[in-house]
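Peer 1: One structure follows; several queries about it will come next.
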Amino acid sequence: MPPKLLALTGSPSAHSRTEVVAGHVLRRLAHAGFETAHLSVRTLPAADLLSARRGEPEIRRALEAVAEADGLVIATPVYKASYTGLLKAFLDLLPQDGLAGKTVLPLATGGSLAHVLTIDYALRPVLAALGARHVTAGRFVLDSSVERGAGPDRLRPEAELDLFQAVDEFADALPALTTVP
């Protein structure tokens, strides 16, 4: 049984570069044989999310998806030198050990290299506090590396190569899952 992987994206924008990057990651992982799913936090009911209504159906299903995943890709744009408040609101709903036993690949997108340390100084400590088994080396992708236009959205080749190296390291870090016959 292949590991279940969930991409959790924290952009409030429907046309987010972060979503493009997460899509590239999911396609790479699916092509490698992993079972993948995507949860865009912006699609959850805002009132339930902000009021921490864990029992509401959509919030409950989102939390169950995290609990059932063997590994997570957590992607966010950088706002005010940190990950988004939207992502923070969702992470706050997880139990204290909500990432226990999980391997996590953190990703961030932003307009300037000045924000490259967001992963290590803002996101990684929260992921560790939630008990992640292993937080792999994340990647920061410049907004200018995401090309959008008439055709399908794509990454500039050098950014895609760097991102796929991080994805491969993440895949290698996942625990091997075996089933007993």
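The values are calculated or read from the model by the stated rules, or taken from the named source; none is laboratory data. This structure is a prediction, so every number in the text was calculated from the model and none was measured. Using ideal geometry, Cβ is built from the backbone for each residue, glycine included, and neighbour counts are taken over all protein chains shown. Quick note on the areas: whole protein, heavy atoms, side chains included, nothing else; ligands and nucleic acids left out. Shrake-Rupley method; radii C 1.70, N 1.55, O 1.52, S 1.80 Å.
Peer 1: Binning every alpha carbon pair distance of the chain at 10 Å from zero, what are the percents per bin?
Peer 2: Pair shares across the bins are 10, 40, 37, 12, 1, 0.
Peer 1: E147's amide H: which non-local residues (gap 5+, or another chain) put their own amide H closer than 5 Å, with H modeled 1.01 Å from N in plane and none for Pro or chain starts?
Peer 2: Those lying under 5 Å, H to H, from E147 are R154, L155, R156.
Peer 1: Can you compute 3J(HN,Hα) from phi for each residue in segment 124-138, using the Karplus curve 6.51 cos²θ - 1.76 cosθ + 1.60 with θ = phi - 60°, rounded to whole Hz and x for Gly and Pro?
Peer 2: Listing the rounded values in order: 4, x, 5, 4, 5, 5, 7, x, 3, 5, 8, 9, 6, 5, x Hz.
Peer 1: Taking a 1.4 Å probe, which of D97, D70 shows the most accessible area, and what order do the others take after it?
Peer 2: Highest to lowest solvent-accessible surface, that is D97, D70.
Peer 1: Moving to a separate point now. What ranking do 82-90, 102-110 get when scored by the average of other Cβ atoms within 10 Å per residue, highest first?
Peer 2: Those peptides, ordered most packed to least, come out 102-110, 82-90.
Peer 1: Can you compute the helix-only [θ] at 222 nm over the chain? Use -39500 (n - 2.57) per DSSP H run of at least 4 residues, normalise by all residues, nearest 500 deg cm²/dmol.
Peer 2: That comes out to -10000 deg cm²/dmol.
Peer 1: Taking only protein heavy atoms and a 1.4 Å probe, what accessible area per residue, in Å², does segment 63-123 have with all protein chains in place?
Peer 2: It amounts to 40 Å² per residue over segment 63-123.
Peer 1: Expressed as a whole percentage, what fraction of the accessible surface of the chain belongs to carbon and sulfur atoms when a 1.4 Å probe is rolled over the protein heavy atoms?
Peer 2: 55
Peer 1: Another one. Starting from the amide H of V141, placed 1.01 Å from N in the peptide plane, find each other amide H under 5 Å away whose residue is 5 or more places distant or on another chain.
Peer 2: Hits under the 5 Å cutoff: A108, T109, G110.
Peer 1: A follow-up question, please. Skipping prolines and chain starts, which residues have an amide H placed within reach, meaning under 5 Å, of the one on V104, given they are 5 or more residues away or on another chain?
Peer 2: L72, H134, V135, T136
Peer 1: Give the share of C-alpha pairs in each 10 angstrom bin for segment 69-113, from 0 to the last occupied bin, in whole percents, shortest bins first.
Peer 2: All Cα pairs considered, the percentages come to 24, 50, 22, 3.
Peer 1: Please report the antiparallel percentage of DSSP beta bridges with both residues in the chain, rounded to the nearest 5.
Peer 2: 15
Peer 1: So what is the relative contact order of the chain, in percent, for Cα pairs below 8 Å that sit 6 or more residues apart?
Peer 2: Computed over the chain, the figure is 24 percent.
Peer 1: Order of 6-18, 34-46 by packing, highest average Cβ count within 10 Å first?
Peer 2: So the order, starting with the most tightly packed, is 6-18, 34-46.
Peer 1: From the backbone phi of segment 100-109, what are the Karplus-calculated ³J(HN,Hα) couplings (6.51 cos²θ - 1.76 cosθ + 1.60, θ = phi - 60°) in whole Hz, Gly and Pro given as x?
Peer 2: Karplus values, whole Hz, x for Gly and Pro: 4, x, 9, 9, 10, 10, x, 10, 9, 10.
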